[in-house]
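Heads up, the thing below is written out as structure tokens.
The values are calculated or read from the model by the stated rules, or taken from the named source; none is laboratory data. Worth saying up front: this structure is predicted, and the values here are computed from it rather than measured. Counting neighbours? That spans all protein chains shown, and the Cβs are built from the backbone with ideal geometry, glycine included.
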């Protein structure tokens with residue numbers, strides 16, 4: 001029997017932290033390989049551990065903890081992909097954000113670190129028109145699907161797609177300039 005599993009099931013925070021730090025990198029790698037999106041891989045990794053902790057009492061002591069962690073992640077990943085009903089174009093939009101977060105600018109200037117890049121992105125988002133800003137934040141911060149955003153704002157899914165596409169183009173342009 002997995003002692004960490006038993007400890008987590010009993011509510012042991014230290015055991016949970018040990019599992020989080022021991023598995024989050026592997027899980028992220030697995031999810032990135034499957035989704036080809038650093039953003040989604042990171043989000044699903046976080047959600048996996050939130051769900052693991054929230055439903056710890058339901059963990060099965062007959063199964064390996066790693067098996068249960070990866071099963072939670074796989075289910076969340078499939079749910080996310082289905083929920084958004086993402087097309088290849090939408091996957092490309094996620095890849096653009098991934099490139100913004102993962103690409104370092106090395107054209108003779110100082111390389112931006114992740115903190116600087118995030119600050120530039122946050123400033124760029126603040127400069128977006130109000131509706132586009134709202135759509136972008138609902139998509140990226142609230143993790144709502146395009147359909148959910150369209151219903152919440154009473155606009156079409158195509159309009160949501162266009163707002164996100166234009167927001168990403170604008171943000172990407174600012175990051176390249178900086």
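Key figures for this structure:
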quantity	calculated
Subset of the range 149-162 that is closer than 23 Å to residue 41 by Cα and at pLDDT 90 or above - its residue that is surrounded by the most Cβ atoms within 10 Å (Cβ to Cβ)	160
When residues of the range 133-143 are limited to those that are in a helix (DSSP H, G or I) and surrounded by fewer than 18 Cβ atoms within 10 Å (Cβ to Cβ), the one nearest to the chain's Cα centre (by Cα)	137
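Here is a yes/no grid of residues against (1) surrounded by 17 or more Cβ atoms within 10 Å (Cβ to Cβ); (2) more than 11 Å from the chain's Cα centre (by Cα); (3) without any contact (Cβ under 8 Å) to a residue 12 or more places away in the chain:
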site	(1), (2), (3)
5	yes, yes, no
8	yes, yes, no
13	no, yes, yes
22	no, yes, yes
33	no, yes, yes
36	no, yes, no
39	yes, no, no
47	yes, no, no
50	no, yes, yes
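Matching residues to (1) in the same structural domain as residue 13 (by TED's automatic domain parsing); (2) farther than 22 Å from residue 140 by Cβ; (3) in a helix (DSSP H, G or I):
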site: 27; (1), (2), (3): yes, no, yes
site: 39; (1), (2), (3): yes, no, yes
site: 44; (1), (2), (3): yes, no, yes
site: 47; (1), (2), (3): yes, no, yes
site: 61; (1), (2), (3): yes, yes, no
site: 66; (1), (2), (3): yes, yes, yes
